[in-house]
Amino acid sequence: MHGRVPSNGAFLQLVLNDAWFAWLRPLSQLIAKLDELSEADEPSTYEDISALLASAQRLLMPTEEGEGFGRQYHDALQRSPDVVLEHAAVRALLRQAVPNKG
């Protein structure tokens, strides 16, 4: 809307602080949790991984009604075939990533 974002740092600041990107914060928080889990000194437990995967699956459920992430995500899927393709790829990865106990 306002032209090209000049740098990755400027883009990060927009995502973190601009009201237009507020709907993406739940996704950013999920990514931060994934990073924390992958960088932890202790090995992740089955329960930790399962809970995070379940959170991702719940978050990535578009909805036509209401407000917030689900609604904005639905709208993004309606606007862009690329988003639809990436959504399908992530959902497939989430189905494959369910950890096995043991």
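FYI, it's all coordinate maths here, none of it is from the lab. No experiment lies behind these values; they were computed from the predicted model shown. Don't worry about glycine lacking a Cβ; one is built from the backbone with ideal geometry, like all the others, and counts go over all protein chains shown.
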* Can you give me the Cα centroid spacing of region 1-28 and region 40-102 in angstrom? -> 21
* Asked: Can you pull the percent of Cα pairs in region 36-75 with separation above 11 Å?
  -> 67
* Structure fact -> Taking Cα atoms, the helix 69-79 axis meets the longest principal axis of the chain at an angle in degrees (rounded to 10) of 60
* **Paired Rg and Dmax values of region 24-96, which use every Cα atom, in angstrom** => 13.6, 42
* **Inter-probe distance in nm under a simple model that places probes 7 Å from Cα toward Cβ, at LEU59 and ILE31** => 0.9
* Asked: What are the ³J(HN,Hα) values, in whole Hz, obtained from phi via the Karplus relation 6.51 cos²θ - 1.76 cosθ + 1.60 with θ = phi - 60°, for each residue of region 46-61 in sequence order, with x given for Gly and Pro?
  -> 4, 5, 4, 5, 4, 5, 5, 5, 5, 4, 5, 5, 5, 5, 8, 9
* Asked: If you average the sequence gap of Cα pairs under 8 Å that are 6 or more apart and divide by the length of region 24-96, what percent do you get for the contact order?
  -> 23
* Asked: Once a ≥ b ≥ c are taken as the square roots of the eigenvalues of the Cα gyration tensor of region 16-65, is the result rounded (a/c under 1.5), prolate (a/b larger than b/c) or oblate (a/b not larger than b/c)?
  -> oblate
